[in-house]
Amino acid sequence: MSRYFHISPWVLLLTISTIFFSCESSIEYTCSDFKSRVVLESIFSPDSSWHVQVTKSKCRFNPDEEIFIDDVNVQITNISADPQYDLNVDRLDKSQFHVKNKCIPGNLYRILVESMIDGELVRSEAFGRVPAVPETFVDIREIKNDAGVSYFEIDFKLKQSGIEENYYIMNLVDLGEEESDIVIDTLGNGNEGGTQSPNENAIVDFRNGSDGLDLEFIDKDDFTSGEYNGTMYTPVRSNISGPNGSLANKKYAMRVRSVSQDLFEFYKTLDEYDNSNPYAGSISNPLDIHSNVSNGFGIFSGYNQTLHLIKP
């Protein structure tokens, strides 16, 4: 008795098609299913103007929808003071508010945003504080390798604070043009080159061991016996000129920011989002940006910083 039998190719094709397409269904999504939320952003420090931005989220399928909120009130209270007091806040335009008071390191602030969104009163709240200035020690040396290429070797030490949360973010910043003949190679020439930084105060690439990073995140678990020690290697060249123009007379500094845990998680998740693969599509896991705003999205937190000029 034969164990084989013949199947028509058309019957086989019909069977396979049924398997692949029988489970297919379409899901319709309209903006009527979307509910707008308050989007709040305010990152403040004692040495800069204090601004607050308030907008609302919008449906991605309605790109022409306004993000501005006409009826919105912002109240900021210093709840560490005795007695507590409200800060002076002025509205500058449709989304920007200016705080006339300076923030005080160590003090805790509460922001309350009341807004009318789609005919509904929405109350959003967040808490933020300014840590103390980070205690850092830096030793900067210019070194030339065997190929004659110069770079900065930066040894640094962070002292752990006994009262702070001990979260830090470090990066290299462009301070603009100064009288100097030593500049960082941001043209990307060679394997150790960074990336072109078109804007003043923009983040540029620095070296930490063999890894090229824009931001370095240091939390309380990275400290040993109350200290954190590290070394950066930053390539430099003198009087750079090339197809992208001259980068001579530029001044750079290593910036160390002490931040709250909320601001630390915000920047860290934002950095992960910026470095994620935009072409991964639906097979990638969604990345959520950290927020400390109740009944809304965004960040309300302060920082303190110290700058170390990179000059041998």
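Rule-based calculations on the coordinates, nothing more; no lab input. In this text the structure is predicted, and so the values were computed from the model without any measurement. Please note: Cβ atoms are built from the backbone with ideal geometry, for glycine as well, and neighbour counts cover all protein chains shown.
One table, with the values for the structure above:
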{"read-out": "Amide H contacts of Ser260 (H built 1.01 Å from N, under 5 Å, at least 5 apart or other chain)", "value": "Gly302"}
{"read-out": "Residues whose placed amide H lies under 5 Å from that of Glu135, excluding near-sequence neighbours", "value": "Lys159"}
{"read-out": "Out-of-range pairs (alpha-carbon distance over 29 Å; input Lys35/Lys94; Lys102/Lys268; Lys56/Lys220; Lys56/Lys102; Lys35/Lys102)", "value": "Lys56/Lys220; Lys35/Lys102"}
{"read-out": "Cα principal axis extents for region 34-129, largest first, Å", "value": "46, 24, 19"}
{"read-out": "Length released on extending from Leu121 to Asn101, taking residue separation times 0.36 nm less the Cα-Cα span", "value": "4.5 nm"}
{"read-out": "Calculated P(r) tail over 14 Å for region 95-151, as whole % of Cα pairs", "value": "76"}
{"read-out": "At R0 = 22 Å, FRET efficiency that the Cβ-Cβ distance of Gln75 and His290 yields, to 0.05", "value": "0.40"}
{"read-out": "Cβ crowding within 10 Å averaged over residues, with 293-305, 127-139 ranked highest first", "value": "293-305, 127-139"}
{"read-out": "Under the Karplus curve 6.51 cos²θ - 1.76 cosθ + 1.60, θ = phi - 60°, whole-Hz ³J(HN,Hα) for region 54-59, x wherever Gly or Pro sits", "value": "10, 9, 10, 6, 9, 5"}
{"read-out": "Additional length obtainable on full extension of the chain from Tyr85 to Asp139, 0.36 nm per residue less Cα span", "value": "15.2 nm"}
{"read-out": "Computed magnitude of the charge dipole of region 34-129 (debye, nearest 20; Cβ of K, R +1, Cβ of D, E -1)", "value": "280"}
